[in-house]
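Chemist: Pasting in a structure now, in structure tokens, and then I'll have a few things to ask.
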Amino acid sequence: MNFQYPIEAALEPADGEAADLRAAWRELRAHMEDSGSLHSFNGPKSTSKLHVFRRFVSMFNLDNLPSPLSRLHDYLVARTRDIALVEHRISLPRLPPQFDGYRLVHLSDPHFDSLPGLEDSICERLSGVNADAMVITGDLVDRFFAPAECYAGPLKKILGSTRFRDGVFAVLGNHDSWKCVEVLESLGIRVLVNESAAITRDGGSITVTGIDDPSYFYTGEILRALRHSSGDSTGSSTGEFKVLLAHSPDLADLARDQGYGLYLAGHTHGGQICLPNGKALHVSLERFRDFGEGPWNHDGMAGFTNIGAGTSILPYRLFKRGEVVTLTLRRSQDPSSPVSSPESSPEHPRE
């Protein structure tokens, strides 16, 4: 197959049917996964270094270590599994008044196969939390072709312990195969694959757009999805408020230019392995590296990068505690720019 990567081309359905776009995306995504033709906004991507490191780690059987190391391993895994509940309030000038106080649960990067039992900690943290919707910004697994039961079972347990009035929305991460979509949708999760959905309340509405992973599976279809919603560069021409779900914050400028008011992402793990002061040794972002964790603001567009609940390759976090986040959206009286702040001092701080 002589495959020309459609870095700028966007798929156009013959008669505007979303099913045509989904089928075309599935075919393209499957080819990218099978052939390794990976792309970010900046160009072709290679995973060779990652594979070398993964093979190196696999040489050590972490489940069969000598006794002293085994105890240390068990301690670190238990500590890593003990994630935090982090609560934030985001003040948004253009938020419709009907959504003032709207609350989201934001889950990202659980990598359920890397940290078995993580779902129990997530359920414990979310116990008693009341929220209107849940958003998941990718990387359900660590091993790309992990069996569906590795993430379907944990997600089913989490969703069975919580209720969200407006449902659950999700996007794929760079560790998630296209095959995840059908499994997630069978659980009642709305997977947004370069698609948008409207949430309405008392005559007001917000648009939630979800795109494929921009860090490894970037195509022109992502651009089409970003441009699909109405509104000018400030998002004020129709009064529409738009929220973007993406695995990484790499496309903050494109989202801002298309009038999005809020950008939610993950991917970075906050570094996962950090110095004692919390500074990451490595941030896996090509663009907007300052947006590697927590709240940020890009030219009037609010953003939040979740440092994730789980781990990748190694089942440990050092000086960067995993998290599940609640975001309370508040309508701001100041039209100049959004403001984000901790809603309260978390019971379980990051570190």
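Chemist: If the cut-off is 15 Å between C-alpha atoms, which aspartates and glutamates fall inside it for LYS279, apart from same-chain ones fewer than 8 positions away?
Modeler: ASP290, GLU293, GLU351
Chemist: As an exercise, identify the trypsin sites (Lys or Arg not before Pro) in segment 236-296 lying in DSSP coil whose Cβ has no more than 13 other Cβ atoms within 10 Å. Numbers along the way, then the final one.
Modeler: On the way: sites: LYS242, ARG256, LYS279, ARG287, ARG289; in loops: LYS279, ARG287.
Here the sparse-neighbourhood loop sites are LYS279.
Chemist: Cβ under 15 Å from ASP202's Cβ, ASP202 left aside: what net charge do those residues give with Lys, Arg +1 and Asp, Glu -1?
Modeler: Charge balance in the 15 Å sphere: 0.
Chemist: Below 26 Å, Cα to Cα, which lysines can LYS156 reach? Residues fewer than 8 away in the same chain don't count.
Modeler: Candidates past the 8-residue exclusion: LYS179.
Chemist: Report the Cα-based extents of segment 75-342 along its three principal axes, largest first, to the nearest Å.
Modeler: 53, 41, 39
Chemist: If you take the charge dipole of segment 75-342 about its Cα centre, with +1 on Lys and Arg Cβ and -1 on Asp and Glu Cβ, which of LEU251, THR219, LEU104 is farthest toward its positive end?
Modeler: With unit charges placed on the Cβ atoms, the residue in question is LEU104.
Chemist: What percent does the relative contact order of segment 75-342 come to when contacts are Cα pairs within less than 8 Å and at least six residues apart?
Modeler: On the way: 699 pairs, mean separation 80.3, N = 268.
Worked out over segment 75-342, it gives 30 percent.
Read the figures in this text as sums done on the coordinates, not as results from a lab. A quick note: this is a predicted structure, and the numbers were derived from the prediction, not measured. Cβ coordinates were reconstructed from backbone atoms using ideal geometry, including for glycine residues, and neighbour counts include every protein chain displayed.
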